Amino acid sequence: MIDKKQKIIIANWKMNPISFIEADNLISTIKKGLKKKEDMRIIICPPSIFISKIKKNKSFELGIQNIFWEDKGAYTGEISSKIAKNFGVDYAIIGHSERRKYFKETDEIVNVKMKSVLKNGLSPILCIGETLKEKNQDLASDVIITQLEKAFTDINKSKVLNIIVAYEPIWAIGSGIVPSTDEIMSAVLLIRKIISKLYDRPTAEKVSILYGGSVNSQNALDFVDKTRADGLLIGSVSLNGSEFVRIVNLFG
Ligand code: 13P
């Protein structure tokens, strides 16, 4: 179970870097630079082909960027959460907007993946967030509500505290354009309100909610301290080892 008091910083490397030598250098920089902190969780999500060579250790845990919902079988090209678990993976990103966009992942697919991940003892990192068009049409809250309600369908309360929710407005990903801290706080509060409605208030208060989208070492501290978020999901900047370490070391 995830301890609510821990800050969580997640690196989503996406489809980078292109060689294991570069990945290994990145890991070395991270291991060297991170100061050990009891009250923090650092999770690295590399491309899955690197996972067996990157062992979780005292500096960080491992997450996978995507999983298939069945445990095993004739599903060419896929990796299950059961397989990932056997390689020391404890987290799986589910519903990232890039998967929703390029691989047509629906809220229903997100839900079956959530259930598979939880059944196999991993923690889902559930990504939700609106497009720019939806934001401009004042639909951001509706999108957050729908994505959350569908993702949590048929998920038992006993599993909810294993879930990490990441609010990633799609227009902020890789764009350098970021929401105000008030906007992030509103989204965090809305997410807690929905979880409270689906389960109960104490459960909602304990769920870890992160922000993601154009995070860097200049804005990282405010995105947590001024928003009631519990941490960050970082894309491009996490590929710069010293910058990633700088962000982590801002906390705790
Ligand atoms: P950037 O940090 O590159 O904006 O990416 C955010 C993201 O998509 C993390 O999952």
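Here are a few things to note about the model shown:
- For residue 210, the residues 5 or more places off, or on other chains, whose built amide H falls under 5 Å of its own are 165, 166, 167, 230.
- Prolate/oblate/rounded call for the range 135-196, Cα gyration tensor, a/c under 1.5 rounded: prolate
- Computed extension gain for residue 74 through residue 154, at 0.36 nm per residue and net of the alpha carbon distance, reaches 26.2 nm.
- Listing 246, 100 from fewest to most neighbouring C-beta atoms within 10 Å gives 246, 100.
- As a proxy for reagent exposure, 223, 103 were ordered by neighbouring Cβ count within 10 angstrom, fewest first; the result is 103, 223.
- Calculated [θ] (222 nm, deg cm²/dmol) that DSSP helices of n ≥ 4 give over the chain, each run adding -39,500 (n - 2.57): -11000 deg cm²/dmol
- Long pairs among 35/150; 82/197; 36/206, criterion Cα-Cα beyond 27 Å: 35/150; 82/197
- Highest mean packing comes first when the peptides 75-81, 187-193 are listed by Cβ atoms within 10 Å, giving 187-193, 75-81.
- Long pairs among 32/56; 55/85; 58/115; 5/113; 101/193; 135/226, criterion Cα-Cα beyond 18 Å: 58/115; 5/113; 101/193; 135/226
- D (Stokes-Einstein, µm²/s), Kirkwood Cα radius, the range 9-53, 1.002 mPa s at 20 °C: 188 µm²/s
- Overall form of the range 156-239 per C-alpha gyration tensor (a/c, 1.5; a/b vs b/c): prolate
- Extension gain for the segment residue 39 to residue 196, taken as residue separation times 0.36 nm less the Cα-Cα distance, is 54.0 nm to one decimal.
- Between the C-alpha center of the range 84-103 and that of the range 174-214 there is a gap of 20 Å.
- The range 1-152: C-alpha gyration tensor shape, a/c 1.5 cut-off, then a/b vs b/c: prolate
- Candidates 111, 8, 77 compared by Cα position along the dipole of the range 1-131: farthest toward the positive end lies 8, with charges placed on Cβ.
Bear in mind that the values in this text are calculations on the coordinates, not laboratory data. Remember, it's a predicted structure, so these values are computed and weren't measured experimentally. FYI the Cβ positions are ideal-geometry reconstructions off the backbone, even for glycines, and counts take in every protein chain you see.
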